[in-house]
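The values are calculated or read from the model by the stated rules, or taken from the named source; none is laboratory data. Every value quoted in this text rests on a predicted model; they were computed, and no experiment measured them. Positions of Cβ are backbone-derived with ideal geometry, glycine not excepted, and every protein chain shown enters the neighbour counts.
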Amino acid sequence: MLSEGLDYTKTVREKCGPGTYFTGGMGSIFSYGGAMLKGEYCGKQETMPVFSPNFYTAVVNHPEIGRVLKDEIGPCNAGRLLKVCAHDILTDNMGIDILYASGGRSEGCFVVLNDDCMHLSK
């Protein structure tokens with residue numbers, strides 16, 4: 001990550017949509033990995049929208065949307081296409097670099113959508 005930068009397509013766990021996930025606190029950081037990187041936001045966005053993970057999950061798991069996508073492009077690519085489209089709509093159409101995901105009971109996280117808006121350090 002330090003040498004190659006962020007790449008949202010490599011994120012495996014995407015409860016709040018496609019992006020790179022950061023936490024604002026130390027409470028749960030080592031539940032996800034043994035390494036720690038510091039990210040500093042250097043984008044132009046002044047406010048961060050609050051995003052509900054349930055919204056993204058509801059769209060991805062919606063039976064009718066899933067059926068239409070599978071009928072049109074096949075089951076293998078439907079989920080990936082939906083994630084890429086959601087990412088592009090949030091970044092390109094809505095101009096969102098980063099958002100705060102409210103996870104209900106769990107600690108919230110910052111989801112970086114525009115990989116170029118973060119500076120990483122150890």
- Message: So in the range 66-122, with the set limited to residues that are hydroxyl-bearing (Ser, Thr, Tyr) and at pLDDT 85 or above, which one is farthest from Pro49 (Cα to Cα)?
- Response: Thr91
- Item | Filter pass, Thr57 being under 17 Å from Lys10 (Cβ atoms) and either surrounded by 13 or more Cβ atoms within 10 Å (Cβ to Cβ) or charged (D, E, K, R) (or both) | no
- Message: Looking for something hydroxyl-bearing (Ser, Thr, Tyr), more than 27 Å from Ser3 (Cβ to Cβ), in contact (Cβ under 8 Å) with a residue 12 or more places away in the chain and not in a loop (DSSP other than H, G, I, E, B) - is there at least one such residue anywhere in the range 69-92?
- Response: no
- Out of (1) outside any helix (DSSP H, G or I); (2) surrounded by fewer than 18 Cβ atoms within 10 Å (Cβ to Cβ); (3) out of contact with any Gly (no Cβ under 7 Å at 6 or more places or on another chain), what's the single condition that is false for Tyr100? (3)
- Pick out the one residue from Leu82, Leu120 that is surrounded by 15 or more Cβ atoms within 10 Å (Cβ to Cβ) and over 15 Å from the mean Cα position of the chain (by Cα). Leu120
